[in-house]
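Reading through the structure tokens given below for one structure.
The values are calculated or read from the model by the stated rules, or taken from the named source; none is laboratory data. As the structure is a computational prediction, the values presented were derived from the model and not from experiment. For neighbour counting, all protein chains shown are included, and Cβ atoms are generated from backbone atoms with ideal geometry for every residue, glycine included. With ligands, DNA and RNA removed, areas are computed over all heavy atoms of the protein, side chains included. Shrake-Rupley method; radii C 1.70, N 1.55, O 1.52, S 1.80 Å.
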Amino acid sequence: MTDPASNSRTGSTIVVIDDDPLQAGEICEFLNRLGYDCRVETSGFAALRHITENPPALVLLDIRMPGLNGIETARRLAHLKPRPSIILMSGHADMVAEAHRAGINVHGVLEKPIPLRLLASFVRRKFG
Amino acid sequence: MTRFNWLSRLLLAALFATTLVTLKAATVATIAPWFAVIIILSVVGPLLNKRISEEQGSRDTLARWEKACAAFSTVVYLVWTSAAYVYIPADDDLSELTILVFLFALNIAAFSTLLPSRPTMVASLLALNAPLALRLVLIGKPLYLVLAGAIVVATVSLIRASGAAYRRLVDNMDLSFEKSALAERLSHSNDLIRAANTDLAGREAHLTAVMNAVSDAIFTLDRRGIVVSANRGASRLYGCTSESLAGRSLFADLVAISPDARSPSVSASVLLPENGMDSLIPRDVVAHRPDGSSFEADLTVNKLRPGADAVRVAVVRDITKQKDMQRQLLQTAKLATLGQMAADVAHELNQPLNVIRMAIENALIIGESPEPDAELVRSKLHLVIGQIDRVAEIIRHLRVFSRMDRGDAVAFDAVQVVRQAVDLVRSQFGLDGIVLEDRLPRAALSVEGHPNRFEQVLINLLRNARDAVIDRHPAMSGVRRVRVSVESVSAAKQVHILVSDTGSGIAPDDIERIFDPFFTTKEAGRGTGLGLSIAQSIVSTMGGRISATNDGDGAVFRIVLPHVETVS
């Protein structure tokens with residue numbers, strides 16, 4: 001398994017944004033084991049601050065978050081160049097529908113609890 | 001008058017007989033037309049009289065009749081008398097005298113037949129007697145001169161007599177005019193009164209019909225609250241006749257403000273204010289039927305007019321159906337609250353489940369590797385246990401919350417219930433970026449009631465506070481803060497629970513109504529308008545009260561509960 005992207009702190013290939021560090025941690029641990037460079041952010045604001053300079057190729061985004069929620073975060077991520085692909089994670093089908101209404105173009109939607117193998121297939125499809 | 005008529009007719013008859021006996025045949029034939037005239041007059045005269053005295057019109061009509069009669073008489077008598085003196089031969093004194101007496105008798109006939117009309121009378125007498133007297137004077141014999149004088153005297157006397165008689169007649173006529181006018185006016189007034197009475201009776205019947213058509217019970221009361229009358233609605237609602245309701249005391253026998261307050265003195269002073277308020281705003285009462293059963297009702301008392309002795313009107317409305325509906329709605333609202341809670345709970349459960357699933361999958365991957373890291377797997381399993389405990393905690397809380405309305409009121413620690421409520425909403429508030437501050441005393445503060453219901457009250461207040469701050473600060477700007485505190489007010493033996501927020505507060509117009517059922521300032525579909533109403537009823541069953549004020553930044557809800565001493 002090769003590392004398809006740079007390994008630096010600011011230039012991770014995948015960023016997981018979830019207010020619950022336990023959930024984000026499990027995802028990153030899994031993706032790191034698959035050989036991807038993955039990093040955790042626990043709020044939309046913090047994530048945007050950290051990745052504006054060097055956007056990741058893929059963002060796994062929890063919809064329901066305090067502060068800047070997933071939908072708002074996704075909207076702001078869409079302005080970045082290059083524009084990262086987004087996979088929404090939610091326990092609420094309603095929230096996903098709301099994201100669609102908000103016109104957010106997403107690479108995929110994962111419903112919690114997330115089967116990690118399904119997540120892996122999404123990520124592989126993104127990176128070929 | 002009648003006697004006079006008879007007399008005159010007798011005289012005429014006698015005269016007629018004498019004439020036939022004394023006069024020569026030729027003379028009789030000559031004066032026959034005069035008889036005819038007399039007969040015509042004695043027939044026409046009474047008819048005219050009758051017509052005139054029956055005349056009910058004005059004096060003008062009478063005057064017209066009189067003029068007509070006068071003209072008629074004058075012409076007839078003048079022509080006939082003059083003709084008589086010119087053509088009737090008077091061969092000797094006897095026949096001369098006979099003619100004179102006969103002609104004079106015409107006067108009497110005229111007098112009797114034309115009496116009612118004085119102008120006619122005068123005209124006739126003059127027309128008859130003037131030529132007669134003239135003829136006698138022209139004969140020149142002393143006897144004839146005496147007779148002429150007698151005729152003049154008789155004529156003057158007759159004219160005067162006719163004047164007196166005529167005045168009496170006219171007076172009678174006036175009187176009868178006035179009488180008939182009065183009678184007419186009287187009958188007109190009677191008609192008016194009859195019409196007014198009919199109208200009044202109609203209106204009364206109308207009002208009674210309206211009163212009886214109303215399904216509410218309507219009582220009129222005296223100042224002591226004793227029923228004077230009752231409508232049909234009252235007899236329907238109370239299941240007895242209106243008559244049997246009269247005389248009962250409304251407040252002692254028929255309604256009670258609450259099941260415990262059937263004391264007439266207290267109720268009457270509250271419900272029949274002597275000064276100030278003239279009407280009572282509707283209030284819920286329990287209505288008691290004479291047969292012992294009861295129904296829920298609302299009661300309105302009004303004074304018909306100001307003053308201490310004024311009649312009161314009390315309206316008792318059966319609100320059993322509304323109350324049932326309200327109870328159903330409360331149940332619905334509870335279910336809606338549960339539905340909202342279910343959504344929240346689903347989210348809360350999903351988070352640890354997600355962690356558990358992924359941790360186990362990661363542990364499996366570790367286990368499948370050629371050199372499994374046992375320590376890593378163990379840490380994953382610990383993580384899973386912690387998350388399962390989190391799930392169990394949520395479920396335990398739900399189970400407590402679901403035990404609604406069971407059992408009697410119990411003494412419980414208000415502080416603990418407030419803490420539970422705060423804990424339940426804390427994660428939600430965190431998601432919304434709301435700072436939830438609690439200032440709770442360490443010591444327990446006992447109150448009495450249903451802890452679960454009380455927790456529902458608190459959650460409702462917290463949810464409202466959350467909505468208010470989000471509404472005011474939609475873009476995460478500003479201070480999103482909700483503060484909860486519990487204080488013991490030892491002097492008053494009270495426990496105060498305060499929930500304050502940094503929303504925009506309550507509009508002054510709304511502050512009176514926020515506890516009314518179905519009053520909501522939230523947009524359609526977001527609020528049932530029942531939350532605070534339920535909260536108020538729950539708090540009041542605990543013997544407490546809930547109030548709302550504005551304080552600088554936002555609203556403050558204060559629940560005041562009696563502090564219960566617990567024997568431990």
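For the list (1) modelled with pLDDT of 85 or more; (2) open to solvent by 10 Å² or more (accessible area, probe 1.4 Å), I need the number of the one condition that B:MET476 fails. For B:MET476, the exception is condition (1). In region B:498-516, the residues that are among the polar types (S, T, N, Q) reach residues that are assigned to a loop (DSSP other than H, G, I, E, B) with C-beta atoms within less than 6 angstrom, at least six apart or across chains, in these pairs: B:THR502/B:VAL479; B:THR502/B:ASP553.
Entry remark, region A:25-72: residues being touching a Ser or Thr at 6+ places or on another chain (Cβ under 9 Å), away from chain B (no Cβ under 12 Å) and assigned to a helix (DSSP H, G or I) number 4 in total.
Only one of the numbered conditions (1) under 16 Å from A:GLY44 (Cα atoms); (2) facing another protein chain (nearest Cβ under 10 Å) is not met by A:PRO115, and that is (1).
Just checking, does region B:424-438 include any residue being among the acidic types (Asp, Glu) and modelled with pLDDT of 90 or more? Yes: one or more hits.
Residues in region A:14-23 that are at pLDDT 90 or above and either touching a Lys or Arg at 6+ places or on another chain (Cβ under 9 Å) or at the interface with chain B (Cβ under 9 Å from one of its Cβ atoms) (or both): A:ILE14, A:VAL15, A:VAL16, A:LEU22, A:GLN23.
Against the definition (loosely packed, with under 11 Cβ neighbours inside 10 Å, closer than 30 Å to B:LEU125 by Cβ and without any contact (Cβ under 8 Å) to a residue 12 or more places away in the chain), how does B:SER157 come out, yes or no? Criteria met by B:SER157. Quick check on my filter: what residues within region B:243-264 are modelled with pLDDT of 85 or more and either over 14 Å from B:GLY225 (Cβ atoms) or open to solvent by 30 Å² or more (accessible area, probe 1.4 Å) (or both)? Across region B:243-264, the qualifying residues are B:GLU243, B:SER244, B:ALA246, B:GLY247, B:ARG248.
For region A:49-79, the tally of residues that are open to solvent by less than 20 Å² (accessible area, probe 1.4 Å), over 25 Å from B:ARG481 (Cβ atoms) and over 13 Å from the mean Cα position of the chain (by Cα) stands at 0.
Could we say that B:ALA491 is open to solvent by less than 40 Å² (accessible area, probe 1.4 Å), among the aliphatic types (A, V, I, L, M), modelled with pLDDT of 80 or more and over 21 Å from B:GLY430 (Cβ atoms) here? No. Under 7 Å by Cβ, and 6 or more places apart or on different chains, what pairs join a residue from region A:37-58 that is of a type in the set (S, T, N, Q) with one that is part of a helix (DSSP H, G or I)? So the pair list comes out as A:THR42/A:PRO21; A:THR42/A:ALA24. The number of residues in region B:448-470 being closer than 16 Å to B:GLN428 by Cβ and not hydrophobic (A, V, I, L, M, F, W, C) comes to 7.
Between B:ARG526, B:ARG513, B:ARG545, which is closer than 22 Å to B:ARG439 by Cβ and either open to solvent by 30 Å² or more (accessible area, probe 1.4 Å) or at pLDDT below 80 (or both)? Reasoning before the result, please.
On the way: B:ARG526 fails: closer than 22 Å to B:ARG439 by Cβ; B:ARG513 fails: closer than 22 Å to B:ARG439 by Cβ.
Criteria check complete, one pass: B:ARG545.
Pairs are defined by a Cβ separation below 9 Å, a sequence spacing of at least 6 or placement on different chains, a first member in region A:22-36 that is under 10 Å from A:ALA120 (Cβ atoms), and a second member that is buried (at least 22 other Cβ atoms within 10 Å of the Cβ) and among the small types (Gly, Ala, Ser); the pairs so defined are A:TYR36/A:SER12. Output the residue which, of all residues in region B:317-375 that are at pLDDT 85 or above, under 30 Å from B:THR300 (Cβ atoms) and in a helix (DSSP H, G or I), is nearest to the other protein chains (Cβ to nearest Cβ). Filtering first and then ranking leaves B:MET325.
Test of understanding: among B:ARG483, B:ARG453, B:ARG442, which residue is away from chain A (no Cβ under 14 Å), of a type in the set (Lys, Arg) and in a loop (DSSP other than H, G, I, E, B)? Lay out the reasoning, then the answer.
Working: B:ARG483 fails: in a loop (DSSP other than H, G, I, E, B); B:ARG453 fails: in a loop (DSSP other than H, G, I, E, B).
Criteria check complete, one pass: B:ARG442.
None of B:VAL301, B:VAL270 is among the hydrophobic types (A, V, I, L, M, F, W, C), closer than 18 Å to B:THR220 by Cβ and either at pLDDT below 85 or under 29 Å from the mean Cα position of the chain (by Cα) (or both) except B:VAL301. Screening region B:210-226 for residues that are part of a loop (DSSP other than H, G, I, E, B) and touching a Gly at 6+ places or on another chain (Cβ under 7 Å) and picking the one that is farthest from B:GLU296 (Cα to Cα) gives B:VAL214. Give the number of residues within region A:76-85 that are at pLDDT below 90 and within 14 Å of chain B (Cβ to nearest Cβ). So the count comes out to 0. Screening A:ASP94 on (1) open to solvent by 30 Å² or more (accessible area, probe 1.4 Å); (2) at pLDDT below 90; (3) touching a Leu at 6+ places or on another chain (Cβ under 7 Å) shows it passes everything except condition (3).
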